[in-house]
Amino acid sequence: MDLELVGKRAIVTGGTAGIGLAIAKALSEEGVEVVIPGRDSTKLKQALGTLAVKGRGIEADLGTSQGATKLIAEIPDTDILVNNLGIYEAKPFAEITDEEWLKIFEVNVLSGVRLSRHYFPKMLARNEGRIIFISSESGILTPGEMVHYGMTKSAQLAISRGMAELTKGTSVTVNSILPGPTRSEGIVAFLQGMSSLDNPSPEQAEKEFFEKHRSSSLLQRLIEDREIAKLAVFIASPASAATNGSALRAEGGLVRSIF
């Protein structure tokens, strides 16, 4: 299928590793010119080296307003914006400080808000564009061990749907993708940290995680980042014109509701 993406421009935040990098690579394979913002120049260089079409790295911390301003100054327009940047941690609710609540909200939510606030009106003005928020199944089923993270993912769903309401009658779409637990940088250490076993292997930690913490998953395994990326590329393409204001689940059947 020709997804009609050759020559399009995309910004993928959090694109130096994990789901973000997989999306950047998949878009590039379709002929998209991808911009990857990031804080680490070495990681940016490595990520750009994996792209099929020459991309561009912008050294900027999008967890701050200054980083967003820098990116916007250097890249004033784009056809596709993938708001993927995010952080997470497991922490007891009563131990999450005000500073930690504010930090995770700024990185996971405001990073996408700041960029969308700039690029979205431009898309509406030319009657073309795609904005995608990479949320999580945690936005629907808030995990007890990561309440602050779940809050940010629910917020992304609300923002995405609200923005979509503003696209009525246009060719611009705004959607969210809800991945489940996905194999990415840091996930092994995260699962091992949650394990009840002493020094568990990656395989043992993954097995226990799904048995004890995500027992409703139909996959009963970590999702591969490329499995999320393929969906993101379709949503970024003109072929997805009838999909707008949607929260697209790619969580391996973890969420039992059919709606």
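Please give the FRET efficiency for residue 127 paired with residue 194, using the beta carbon to beta carbon distance and R0 = 45 Å, rounded to the nearest 0.05.
0.45
Quick one: which residues, 5+ away or cross-chain, put their amide H under 5 Å from the amide H of residue 223? H built at 1.01 Å from N.
Sorted by chain and number, the residues that satisfy this are 182, 183.
Provide Rg and Dmax in Å for the chain, with only Cα atoms included in the calculation.
Considering the chain through its Cα atoms, Rg and Dmax are 17.8, 57 Å.
If you build a Gaussian network model of the chain, linking Cα atoms that sit under 10 Å apart, which residue out of 119, 88, 149 swings the most?
Maximum fluctuation in the GNM of the chain, among the listed residues, is at 88.
Whose amide H sits under 5 Å from the amide H of residue 57, counting only residues 5 or more places off or on another chain, with H placed in the peptide plane?
Excluding prolines and chain starts, which carry no amide H, the hits are 36.
Convert each backbone phi in segment 140-149 into a coupling constant with the Karplus relation 6.51 cos²θ - 1.76 cosθ + 1.60 (shift: θ = phi - 60°), then list the ³J(HN,Hα) values in order as whole Hz, x for Gly and Pro.
Working through the residues one at a time gives 9, 10, 5, x, x, 7, 9, 4, 5, 5 Hz.
Work out the charge dipole of segment 69-127 with +1 on the Cβ of Lys and Arg and -1 on the Cβ of Asp and Glu about the Cα centre, then indicate which of 96, 110, 81 is farthest towards its positive end.
In segment 69-127, that residue is 81.
Cut-off under 16 Å on the C-alpha distance; same-chain residues fewer than 8 positions from residue 70 excluded. Which aspartates and glutamates are left, in chain and number order?
40, 59, 61
Under a GNM of the chain (C-alpha, springs under 10 Å), which listed residue has the highest mean-square fluctuation: 50, 42, 167?
It is 42.
Between residue 147 and residue 201, what's the calculated FRET efficiency when r is the beta-carbon distance and R0 is 35 Å? Round to 0.05.
Rounded to the nearest 0.05, the efficiency is 0.75.
Suppose R0 equals 30 Å. What FRET efficiency, 1/(1 + (r/R0)^6) with r the Cβ-Cβ distance, do residue 40 and residue 2 give to the nearest 0.05?
E(calc), rounded to 0.05, equals 0.30.
So for the pair residue 220, residue 59, with labels modelled 7 Å out along Cα→Cβ, what separation do we get in nm?
If labels sit at residue 220 and residue 59, their model points lie 4.8 nm apart.
Is it possible to state the helix-based mean residue ellipticity at 222 nm for the chain, with each DSSP H run of 4+ residues giving -39500 (n - 2.57), the sum divided by total residues, to the nearest 500 deg cm²/dmol? What is it?
Value at 222 nm, helices only, nearest 500: -12500 deg cm²/dmol.
Specify the residue with the greatest mean-square fluctuation among 91, 54, 212, computed from a Gaussian network of the chain linking alpha-carbon atoms under 10 Å apart.
212
For residue 248, list long-range residues whose amide hydrogen, built 1.01 Å from N in the peptide plane, is under 5 Å from its own amide hydrogen.
Under 5 Å from the amide H of residue 248: 176, 177, 178.
Be a star and scan segment 169-183 for residues whose amide nitrogen sits under 20 Å from the point 7 Å along the Cα-to-Cβ vector of residue 212.
Within reach of a label on residue 212: 181-183.
Using every pair of alpha-carbon atoms in segment 89-192, split the distances into 5 Å bins beginning at 0 and state the percent of pairs per bin, rounded to integers.
Cα pair-distance distribution for segment 89-192, in percent: 2, 12, 20, 21, 18, 12, 8, 5, 2, 0.
At 37 °C and a viscosity of 0.692 mPa s, what translational diffusion coefficient does Stokes-Einstein give for segment 13-92, taking Rh as the Kirkwood radius over Cα pairs? Give it in µm²/s as a whole number.
The calculation lands on 255 µm²/s.
Once you've got the Cα coordinates, tell me which of 54/230; 25/54; 45/103; 8/153 are over 18 Å apart.
54/230; 45/103; 8/153
The numbers here are math on the coordinates, done by the rules we state, and not lab data. Quantities reported herein were computed from a predicted structural model and do not represent experimental measurements. Backbone-built Cβ (ideal geometry, glycine too); neighbour counts: all protein chains shown.
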